[in-house]
Amino acid sequence: MVTLDQVDEAFRGFVGEPGFPCLAAKGTVRRRRYRIGLYGTLGNAATAAQLARDLGAFATRPLPTGTGFTSFVAVFPERPPVDECEFERRLWTQLQSLHEHDDVTIGWDPTVSADPDEANFSFSFGGRAFFVVGLHPLGSRLARRFQWPALVFNPQAQFARLRAEGRFGKLRAAIREREVALQGSVNPNLADFGEASEARQYSGRRTEADWRCPFHHRAS
């Protein structure tokens, strides 16, 4: 039986590796400004209610000021996927189930689109937009290859703040340089917010040109 302490230690070690490229994640873990939750199987509807409660509580917390970042990490240690395509399917099944548990009276974050085909799409829960990073043992990108399947929910408002302050470009360049050093290339799905739908980036898999996101926004 995997414990929360074991998962937390493994996550801190994963992000703390010297070559891990995301400097924002490194700072978040170093300052312990993240929340971590342990769930069952990724893509299982039964996990959605518990995850919804935990992520909903996280969504109401004030964001760090200054240069600080925060994230919510949902880890699913049971029944890992057999390949990247299965992980991607289960990721979107989980996000769809999570969306079905969202409070319709709060609604989608108005700063982003609920349509995954739109360039300004971002997943929203509890009225807060999140950039979701999928991790799992079979990830083709080394920076996504974690011991168990996991979804990292990063509030979009943090990146918007950096853009407004003119600091986002420098951070992005440093992270991409580090990813090239680790992997030999930049993730081919990378695109800045507003240029292309970020839905392609969530799983970490290199998606086909005709790939369509399976997520559907629930009508109010």
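Numbers below:
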| read-out | value |
| --- | --- |
| Solvent-accessible heavy-atom area per residue, rounded to whole Å², over the chain at 1.4 Å | 48 |
| Region 130-220: trypsin sites (Lys or Arg not before Pro) falling in loop per DSSP and having at most 13 other Cβ within 10 Å | R167, R206, R212, R218 |
| Cβ charges +1 (Lys, Arg) and -1 (Asp, Glu), total dipole of region 1-150, debye | 740 |
| For H217, solvent-accessible area (1.4 Å; no DNA, RNA or ligand), Å² | 90 |
| For region 123-220: rounded, prolate or oblate by the Cα gyration tensor [a/c cutoff 1.5] | oblate |
| T3 paired with R176, simple spin-label distance in nm, labels 7 Å along Cα-to-beta-carbon | 4.3 |
| Largest-first ordering by accessible area, 1.4 Å probe, given options R30, R90 | R30, R90 |
| Inter-centroid distance (Cα atoms) of region 83-106 relative to region 13-33, Å | 26 |
| Tensor-based shape of the chain (alpha-carbon gyration tensor, a/c under 1.5 rounded, otherwise prolate or oblate) | rounded |
| V186-T105 FRET efficiency (beta carbon distance; Förster radius 35 Å; 0.05 resolution) | 0.30 |
| Qualifying GluC sites (Glu not before Pro) in region 129-220, DSSP loop, other Cβ atoms within 10 Å at most 11 | E165, E195, E208 |
| Computed E for N120/A49 - FRET, C-beta separation, R0 25 angstrom, nearest 0.05 | 0.30 |
| Spin-label model distance (nm) - D83 vs A209, 7 Å beyond Cα toward Cβ | 2.2 |
| For I175, solvent-accessible area (1.4 Å; no DNA, RNA or ligand), Å² | 40 |
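The values are calculated or read from the model by the stated rules, or taken from the named source; none is laboratory data. All of these numbers come straight from a predicted model, not from anything done at the bench. Glycine gets a Cβ as well: all are built from the backbone with ideal geometry, and neighbour counts include every protein chain shown. Only protein heavy atoms, including side chains, enter the accessible area calculation; ligands, DNA and RNA are left aside. Shrake-Rupley method; radii C 1.70, N 1.55, O 1.52, S 1.80 Å.
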